[in-house]
Structures are given as structure tokens and as C-alpha cells.
Amino acid sequence: MIPMEWLFTLVVIVVALFFLGSFIRIVPEYERVIIFRLGRRTKAVFNPGGGGNGPGLVLLVPLIDKIRQRISLRTVATDVPPQDVITRDNVSIKVNAVIFFRVINPDQAFLSVEDYIYATSQLAQTTLRSVLGQMELDDLLAARDKVNQQLQRIIDEHTEPWGVKVSTVEVKQIDLPQDMQRAMSKQAEAERERRAKVI
């Protein structure tokens, strides 16, 4: 039979470990945590990793501090769903893209916008439709690098107040209507025939 003193000591140790575990957090290098103390954004009590909210060991004040969210600092790649766009020369196309971004200020990403990933995706969709709607189809097909840079610059300007840095936007695919594809192939074939006659 276990003596009462040992049993009491064991219970005290278990309670102490549970109590310690409730306010000690280890934050990985690629994450930051958003801590609220009595409803206000605050820094951790002890954080040797620097920055107040990670990485490394983070001590919370028991029953007062709450971790509201963990935010990853890694680059996120998000598909922009296919968008129906009418170009300036009245050609209806379907365009999709991919956007690469990462959080550079976790506080702003949490406090400035409700869901920074969803908001960035929605902003990318509207910007894609807006920018491509101002271009002619030939310019869009010939100068895709310029289009990508313009999209990246515009989206990055809008996401900067959210603490989000957009590094790259790439237009992945442009789907042309079938009749437009046939017309372009006939035009290319006629051009080849013209060159052949000249030769």
C-alpha cells in the first residue's frame, strides 16, 4: 500500500506539472502567436527568441493570457479560380492565376483583417478581372511578364496594410473561345501561305 505522504506528493507534482504546462508554449521558428491579455494585444512575459510572440519559449500569465491564433510566416501559394474577363477589344476569355504571398507582420495580419488568406485571394480575383479587362488580347498574350508584374504591384500595395507581402503573381492559363482559336489558327495559316508565296 502507498503511504499517504507519497500519494499527496504525487498529486501535488501532477497538479504543478499541469499548471506549468498551461502557460508554457513552444513556438516553432516559422510561426508567431497572437497573445491577448484581458482582451488586449500583448507581448509574452518571457520570450528568449525575440519579438514578443515567438519563436521559442513563450510564457503566458495563467488564466489571463490567451493565444488567439498561430500565424505561419512561410510563403503561401493560392490558386486564383478561373475568372471570366472581357478584354478591351471585346474578347471573352477565362483566366486563372496563382499568387504567392507571406505574412511579414503577424500583428497586422490578425488585427487588420478577419482572414488574411481569404481577403488576399478575393483581392487577387478582382484585380485580375480589373487589370485584364483594360488590356487587349494581343497585349495580354504577348506581354504576360508585364501583366504579372502589374498584378503583383497592385495586389501588394493593397495587402501591405494587412502585413502581407505578395512576392509573385503568375497568370497560369488563358482559355480562348473556340471560334477565336479557329480564327487565330486560320490567320496563322494564311500568314504561312503568304510567306511561302513570297519565297
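The values are calculated or read from the model by the stated rules, or taken from the named source; none is laboratory data. This one's a predicted model, so the numbers in the text were calculated from it and none came from an experiment. Reconstructed Cβ throughout: ideal geometry from the backbone, glycine too, with neighbour counts over all protein chains shown. Accessible surface areas use protein heavy atoms only, side chains included; no ligands, DNA or RNA. Shrake-Rupley method; radii C 1.70, N 1.55, O 1.52, S 1.80 Å.
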So, in nm, how far is label Lys172 from label Ile117 when the simple model puts each one 7 Å beyond its Cα toward the Cβ?
1.6
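Before I look further, what does the stretch 75-180 give for accessible area per residue, probe 1.4 Å, in whole square angstrom?
53
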